[in-house]
Structure formats: C-alpha cells, structure tokens
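Quick notes on the structure that follows.
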Amino acid sequence: MHTADAGRCRLLIFDCDGVLVDSERISHQVLVELLAEHGIAITLEQTIARFIGASTARCAVELSELLGRPEADDVMREFARRTQAAFAADLQTVVGVPELLATLAARALPYCVASNGNPAKMDFTLSHTGLQHLFEGRRYSATDVALPKPAPDLFLHAARCMAVPPALCAVVEDTPTGIAAARAAGMWALGFAAMTPGHQLHAAGAHQVFTQMAELPALLWAGGEVRP
C-alpha cells in the first residue's frame with residue numbers, strides 16, 4: 001500500500017473501545033471490583049491481558065472459568081449495568097480523535113467503525129462522546145457476522161458494506177486480537193499502543209505502531225510502501 005497516495009487507502013476502519021472512546025480502563029476497573037465481590041482477586045493488568053479485545057461471548061466464557069461455574073449471565077448483566085453507569089460519569093473520546101476525524105473528512109478519506117462489542121454498547125459510547133453522528137450508517141458489530149475478531153469476518157463485512165476491496169483498507173486497532181483480525185483480512189494493520197504495549201501489537205502482526213492519534217495522518221499520507 002503506497003501511503004504517499006491517499007487514493008491507495010480507500011477506507012480507514014476503526015475499532016471502537018480504546019481507539020475512538022477511552023473506555024478500556026474504565027470497564028476493566030469495573031470488572032476488577034465486580035470480581036472482587038465474588039471472591040476473585042485479579043489485578044487491572046491481569047483483566048486487561050485476559051479480556052481486552054474479546055467479544056461479549058468470549059468474555060462470558062472467561063468469566064465462567066474465573067467464577068468456576070458453567071454460566072455467568074448474572075455477572076455479565078451486572079457488569080454491563082455498572083459499566084454503563086461508569087461510562088455515563090466518566091467516558092470521553094480518545095485524545096485527538098475529533099481532530100483526526102475532521103482531517104479524514106477534509107481529505108475525503110472514508111472511515112467506519114467495526115467493534116467486537118454489541119451494537120447497544122457501541123451506540124451508547126459513541127452517542128455519549130458526541131461521535132455517533134460521524135459514524136451514522138457506518139457502524140459494524142461482531143453480531144453482524146458468524147465469527148468475532150480475531151477472525152477476519154467483521155473487517156471483511158465492513159469493507160463489503162463500504163464497497164472497498166480489503167487490500168485498500170487500513171485498520172486502527174489497540175489489541176492483538178484486532179491486529180490479528182486485520183492481518184487475516186489482508187488489510188493494513190495499524191496498532192494504537194494505548195492499553196496494550198507496542199511490542200505486543202508488533203508481535204501480533206501490526207505493520208506500524210503509534211501512540212498518539214495525532215501521529216496517524218503522517219502514517220496515512222507519508223511516503224513509502226506498506227503491504228499486508
């Protein structure tokens with residue numbers, strides 16, 4: 001992919017949690033506190049390592065294993081309730097995202113969001129942070145496809161819906177799970193090293209890693225060649 005020519009990248013696909021909205025630390029802190037009430041001592045770092053980037057279904061499986069019982073629907077419901085309350089109080093956009101989206105619009109580079117989270121959660125977080133209207137008709141969830149990330153299904157679905165070939169898509173992800181999905185889809189994988197260390201994103205297959213959203217335009221329009 002020739003990044004010097006913006007025409008070679010026809011679509012930028014964002015993950016939602018941790019990329020557009022600064023939700024990961026909030027939700028994982030809620031999970032630490034909830035598990036403690038059930039007698040499970042786990043650190044914030046351990047929950048991030050175990051749950052970050054996981055689909056809702058995968059989170060339910062992980063919770064069941066931690067709790068030592070076959071189902072954790074009650075805990076999942078309580079987690080969702082407490083997380084939404086915490087988001088309502090503290091959730092903000094990731095620093096630099098509004099400015100980045102304005103730059104993409106000015107340069108006429110289409111973008112969308114594709115999340116392992118369910119549509120209700122995505123709608124709430126984007127609406128609460130004032131981003132929902134910027135992704136109207138361009139929000140895709142793992143519930144739309146057979147398999148969540150790290151399978152490529154969701155990113156391929158987003159590319160089809162946006163009528164862009166996968167080879168001309170770039171993906172911004174903050175987890176190894178998302179990076180693996182982008183690579184499996186044959187897309188340009190850009191790792192945002194916020195909650196996940198950059199070396200882990202590189203190890204998962206990220207073509208490039210950055211730490212601030214303000215860096216992304218230079219990656220998209222810099223000279224050189226990057227290929228999936």
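The values are calculated or read from the model by the stated rules, or taken from the named source; none is laboratory data. None of these values were measured; they are calculated from a predicted model. Note: ideal-geometry Cβ built from the backbone for every residue, glycine included; neighbour counts use all protein chains shown. These area figures cover heavy atoms from the full protein model, side chains too; ligands, DNA and RNA do not enter into them. Shrake-Rupley method; radii C 1.70, N 1.55, O 1.52, S 1.80 Å.
Summary of computed values
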{"quantity": "For Lys121, solvent-accessible area (1.4 Å; no DNA, RNA or ligand), Å²", "calculated": "70 Å²"}
{"quantity": "Probe 1.4 Å - accessible area at Arg69, Å² to nearest ten", "calculated": "80 Å²"}
{"quantity": "Segment 48-100-segment 163-228 distance, computed between alpha-carbon centres (Å)", "calculated": "23 Å"}
{"quantity": "Given charges at beta-carbon only (K, R positive; D, E negative), |dipole| of the chain in Debye", "calculated": "620 debye"}
{"quantity": "Per DSSP, loop GluC sites (Glu not before Pro) in segment 1-83 with at most 16 further Cβ within 10 Å", "calculated": "Glu71"}
{"quantity": "Projected area, mean over directions - segment 117-163, Cα convex hull, nm²", "calculated": "3.3 nm²"}
{"quantity": "Cα gyration tensor, segment 59-159 - rounded (a/c under 1.5), prolate or oblate", "calculated": "oblate"}
{"quantity": "Charge dipole (debye, nearest 20) of segment 1-110; +1 at Cβ of Lys and Arg, -1 at Cβ of Asp and Glu", "calculated": "420 debye"}
{"quantity": "Computed Rg/Rh of segment 93-222, alpha carbon atoms with Kirkwood Rh", "calculated": "0.93"}
{"quantity": "On Cα atoms only, tilt of 24-37 relative to the major axis of the chain in degrees", "calculated": "10 degrees"}
{"quantity": "On Cα atoms only, tilt of 56-67 relative to the major axis of the chain in degrees", "calculated": "30 degrees"}
{"quantity": "Karplus-derived HN-Hα couplings along segment 204-211 (A = 6.51, B = -1.76, C = 1.60, θ = phi - 60°), whole Hz, x at Gly and Pro", "calculated": "6, x, 4, 6, 9, 10, 9, 10"}
{"quantity": "Amide H partners (placed H, <5 Å) of Phe14, local residues excluded", "calculated": "Cys112, Val113, Ala114, Val172"}
{"quantity": "Difference of contour (0.36 nm per residue) and Cα-Cα distance, His202 to Cys161", "calculated": "11.9 nm"}
{"quantity": "Asn118/Glu71 FRET efficiency (R0 30 Å; Cβ-Cβ; nearest 0.05)", "calculated": "0.95"}
{"quantity": "Exposure of Val95 as accessible area (Å², to 10), given a probe of 1.4 Å and all protein chains", "calculated": "120 Å²"}
{"quantity": "Cα centre as origin, Lys/Arg/Asp/Glu Cβ charges: segment 137-228 dipole, Debye", "calculated": "180 debye"}
{"quantity": "Angle between the chain longest axis and helix 73-90 axis [Cα atoms, degrees, rounded to 10]", "calculated": "60 degrees"}
{"quantity": "Exposure ranking of His207, His202, His128 by accessible area [1.4 Å probe, largest first]", "calculated": "His202, His128, His207"}
{"quantity": "Among Ile40, Ile26, Ile52: highest mean-square fluctuation, GNM of the chain, C-alpha pairs under 10 Å", "calculated": "Ile40"}
{"quantity": "DSSP beta bridge pairing in the chain, given as percent antiparallel to the nearest 5", "calculated": "10 percent"}
{"quantity": "Accessible-area ranking of Thr43, Thr125, Thr93, largest first, probe 1.4 Å", "calculated": "Thr43, Thr93, Thr125"}
{"quantity": "HN-Hα J in Hz across segment 182-196 - Karplus 6.51, -1.76, 1.60, θ = phi - 60°, x for Gly and Pro", "calculated": "5, 5, 5, 7, x, 10, 6, 9, 10, x, 9, 8, 10, 7, 9"}
{"quantity": "Derived scalar couplings ³J(HN,Hα) [segment 14-19; Karplus, 6.51 cos²θ - 1.76 cosθ + 1.60; whole Hz; x for Gly, Pro]", "calculated": "9, 5, 9, 5, x, 10"}
